[in-house]
Amino acid sequence: MPKSYHFSLGDSTTGPIGLCARVTADSPEVALAGLREALGDEHTIRLSAEDTAAGVEYIEVYFNHKAITVADIDEDEEPPAA
């Protein structure tokens, strides 16, 4: 039976960026593989008209897949019943 795994990959209360994700999978390793695939290597943040008017040209976020491990799972739980 799959479990729901919560990854905690940064804390915006102690650093500049926080990121968390919840992945349902058959094991922590499968959850990790799914998260790595979903994140990709980089994401471009879409800017609003207000952002560009304020002079923000672009925001790119990059991910280091090797740095994300099953140790970043801070909880697992049974998914809600359907």
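Numerical summary
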read-out	value
25 °C / 0.890 mPa s Stokes-Einstein diffusion coefficient of the chain, Kirkwood radius on C-alpha pairs, µm²/s	169
Loop chymotrypsin sites (Phe, Trp or Tyr not before Pro), segment 53-82, which have at most 10 other Cβ atoms in a 10 Å radius of their Cβ (DSSP)	TYR58
DSSP-assigned coil residues among trypsin sites (Lys or Arg not before Pro) in segment 1-62, each with at most 12 further Cβ atoms within 10 Å	ARG46
Computed FRET value (nearest 0.05) for MET1 with ALA71, which takes r as the C-beta separation and R₀ as 30 Å	0.85
CD proxy at 222 nm, helix term only [per DSSP H run n ≥ 4: -39500 (n - 2.57); per residue of the chain; nearest 500]	-5500 deg cm²/dmol
Choice from GLY18, GLY34, GLY55 showing the highest fluctuation, given a GNM over the chain with Cα pairs closer than 10 Å	GLY55
Given charges at beta-carbon only (K, R positive; D, E negative), |dipole| of the chain in Debye	80
Coordinate range along principal axes, alpha carbons of segment 1-48, Å, largest first	41, 23, 17
Modelled FRET efficiency - R0 22 Å, SER27 with PHE63, Cβ distances, 0.05 increments	0.55
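Bear in mind these aren't lab numbers, they're just calculated from the coordinates by the rules spelled out. Note that the structure is a prediction, hence the values are computed from the model and not measured. For neighbour counting, all protein chains shown are included, and Cβ atoms are generated from backbone atoms with ideal geometry for every residue, glycine included.
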